[in-house]
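Engineer: Below is a structure I'd like to ask you about.
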Amino acid sequence: MKLFIWNIQGAGNNEALNILREHIKNHRPHIVALVETRVSGAGAQLTCDKIGFKNCFRVEAQGFQGGIWVL
């Protein structure tokens, strides 16, 4: 089983999202954990949907701090 964990610090950034998708494409992890996403609510769900995993479990960011996503 492959696990990919990244302290992404701003998952809503298009550049970071493109890099993440490239890593997922190349390494095909079973589970992805993103920490310090700094995104919550509808923006977080939209970004999770763009990443392409079936399931996404999130701990919402508090303002522009924190946030954990497990995909």
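Bear in mind that the values in this text are calculations on the coordinates, not laboratory data. It should be emphasised that the depicted structure is a prediction, and the values quoted were computed from it without experimental measurement. All Cβ positions, even for glycine, are placed from backbone atoms using ideal geometry, and neighbour counts span all protein chains on display.
Engineer: What does DSSP give for the chain in terms of the percent of beta bridges that are antiparallel, rounded to the nearest 5?
Structural biologist: Approximately 60 percent, going by the DSSP bridge assignments.
Engineer: What residues qualify as long-range amide H neighbours of residue 36, i.e. H under 5 Å apart, gap of 5 or more or another chain, H built at 1.01 Å from N?
Structural biologist: HN-HN under 5 Å from residue 36: 67.
Engineer: Could you give the length gained on full extension between residue 4 and residue 17, defined as 0.36 nm per residue of separation minus the Cα-Cα distance, in nm?
Structural biologist: So the extension gain works out to 3.3 nm.
Engineer: If you take all C-alpha pairs in the chain, what percent of them are over 21 Å apart?
Structural biologist: That tail contains 13 percent of the Cα-Cα pairs.
Engineer: Go through the stretch 15-48 and name the GluC sites (Glu not before Pro) that are in a DSSP coil and have 12 or fewer other Cβ atoms within 10 Å of their Cβ.
Structural biologist: none
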